[in-house]
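The values are calculated or read from the model by the stated rules, or taken from the named source; none is laboratory data. Treat the numbers as computed from the prediction; the structure is a model and nothing was measured. Cβ placement follows ideal geometry from the backbone for every residue including glycine, while neighbour counts extend to all protein chains displayed. Side chains included, ligands, DNA and RNA excluded: accessible areas come from the protein's heavy atoms. Shrake-Rupley method; radii C 1.70, N 1.55, O 1.52, S 1.80 Å.
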Amino acid sequence: MNELLALAIEAHGGMQRWQEITRFRIAASITGAIWELKGKPGMLADVVLEGETRDQRLKITPFPWPGRYATWEPYRETIETSDGLLVAERRNPAGSFVGMTRQSPWDDLQVAYFAGEANWNYIVAPFLFARADFRVEEGEPWSEDGQVWRRLLVTYPSAIVAHTREQTYYFDEDGLLRRLDYSVDILGGGPAVHYPSDYRAFDGIMVATRRRVFVRRPDGSAVRDSVSVAIDIADASFT
């Protein structure tokens, strides 16, 4: 395994512990300017995310309002009542974003798709990168705010749905993730910089309980006058 990836996995709880886990549950508030832009403010302000660690499956409760929930998988998503009655369904949900611009409004299922894809990938990183179909290599170090972070260049396989195929992860000297650079394909490829912080241990896994995402300038700096996405985690469990 790549030495930097091994350090990062150990810092976030270790591969032995991760292999014992098959599910997660996260209580979170997901806010930020993106939801106002898409005409869906406050929809994810108090939700529970439940999912699997091996496969891309995630449930959002409540969604879009109390008494209903959304399920997300790369090739199918639904909205159902609390007793399991199907309200809405979309197959090939990524196709619904074709032709949209950053300013285009979203429907409820598009909100669920973006939130499901993004948060599943955030929760399972960096453990996911140990899979044989991922390609990782260490890049040049990066200096920011008086710190030097090591950069891991990650190429996602086609089997995993993600913001984009090539992303850069920045780890501190202890191996904790401090920054993440990517573009978001379904938003037209706009560059973003993402800062995880305020780590806490839940069931042996280190979780960033605060995440802030900003537009990224060409020089790599963040446009900090507006938070695109804010994720605040109140509680988490792994089983």
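Residue selection: R135 fails the criterion of being among the basic types (K, R), more than 18 Å from the chain's Cα centre (by Cα) and surrounded by 18 or more Cβ atoms within 10 Å (Cβ to Cβ).
Pick out the one residue from E77, E52, E73 that is at pLDDT 95 or above and touching a Leu at 6+ places or on another chain (Cβ under 7 Å). Can you show your working first?
Details: E52 fails: touching a Leu at 6+ places or on another chain (Cβ under 7 Å); E73 fails: touching a Leu at 6+ places or on another chain (Cβ under 7 Å).
Matching residue, one of E77, E52, E73: E77.
Taking interchain pairs and intrachain pairs at least six residues apart, which have beta carbon atoms under 7 angstrom, with the first residue in the range 5-22 and in contact (Cβ under 8 Å) with a residue 40 or more places away in the chain and the second surrounded by 14 or more Cβ atoms within 10 Å (Cβ to Cβ) and among the hydroxyl-bearing types (S, T, Y)? Filtered contacts from the range 5-22: I21/T53; T22/T53. Listed by first and then second residue, the pairs with beta-carbon distance under 6 Å, at least 6 apart or on different chains, first residue in the range 47-62 and among the small types (G, A, S), second crowded, with 17+ Cβ neighbours inside 10 Å and in a strand (DSSP E or B), are G51/F24; G51/L58.
Checked against (1) over 21 Å from the mean Cα position of the chain (by Cα); (2) open to solvent by less than 10 Å² (accessible area, probe 1.4 Å), A8 passes all but a single condition, namely (1).
Restricting attention to the range 125-159 and to residues that are among the aliphatic types (A, V, I, L, M) and in contact with a strand residue (DSSP E or B) (Cβ under 8 Å, 6 or more places away or on another chain), the residue that is nearest to R17 (Cα to Cα) turns out to be A125.
Being out of contact with any strand residue (DSSP E or B) (no Cβ under 9 Å at 6 or more places or on another chain) and open to solvent by 10 Å² or more (accessible area, probe 1.4 Å), is that true of even one residue in the range 193-213? Scanning the range 193-213 turns up no residue that is out of contact with any strand residue (DSSP E or B) (no Cβ under 9 Å at 6 or more places or on another chain) and open to solvent by 10 Å² or more (accessible area, probe 1.4 Å).
Out of V184, V154, V161, I need the residue that is surrounded by 18 or more Cβ atoms within 10 Å (Cβ to Cβ), of a type in the set (A, V, I, L, M, F, W, C) and within 19 Å of W142 (Cα to Cα). Which one? Outline the logic, then answer.
On the way: V184 fails: within 19 Å of W142 (Cα to Cα); V161 fails: within 19 Å of W142 (Cα to Cα).
Only one candidate passes the filter, namely V154.
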